[in-house]
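Down below is the structure, laid out as structure tokens.
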Amino acid sequence: MNKMILPKRSLLCILMVLIMPIMLWAGCGLEETDGHKLKDLSYTILEEKEIPQEFLEVIEEKKEGIFKLTYTDQENLYIAVGYGVQQTGGYSISVNECYLTKNAVYFDTTLIGPSKGEQVNQVKSYPYLVIKTKYLEKSVVFE
């Protein structure tokens, strides 16, 4: 019985020796994003009427849930963050950071709820924010 176990273990060891370098080599192509800030990006917070129609349609489809989206028209980069359905109105979103690193744009926001005692509409709301910045051929990292 020991003779059957040894060949299986040997085969497993051989496979691991062959597979591990392939897995390590495959990981070498992954893009690393370092968080080292090169500069803050200037941006504009858009009103609904300023959002490109095609992008607005995607946002409308996804607004029930949390979303993080990007859109480009090769001149501008649009970044959108939505916080899904909320049971009342009175929410706002603040942009904490929007900056450029060597190989990515970092974007961070916070949902701010109604203040205590603030009178709010008792209807569902779908808070989201869209910004526009100059087009950059970089990936966007949502923090």
So, R0 is 25 Å and r is the distance between the beta-carbons of Ser42 and Gln122; what FRET efficiency does that work out to, to 0.05?
0.10
Over the range 66-143, with the other protein chains present, what is the accessible area per residue in square angstrom, probe 1.4 angstrom?
55
For the range 51-126, just the Cα atoms, rotate onto the principal axes and tell me the three extents in Å, largest first.
44, 26, 17
Would you mind checking the pairs Lys62/Lys138; Lys39/Lys102; Lys37/Lys63 and listing those with alpha carbons more than 20 angstrom apart?
Lys62/Lys138; Lys37/Lys63
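The values are calculated or read from the model by the stated rules, or taken from the named source; none is laboratory data. These numbers were taken from a predicted model, which means no experiment stands behind them. All Cβ positions, glycine included, derive from the backbone under ideal geometry; neighbour counts span all protein chains shown. Note: areas computed on protein heavy atoms with side chains; ligands, DNA, RNA excluded. Shrake-Rupley method; radii C 1.70, N 1.55, O 1.52, S 1.80 Å.
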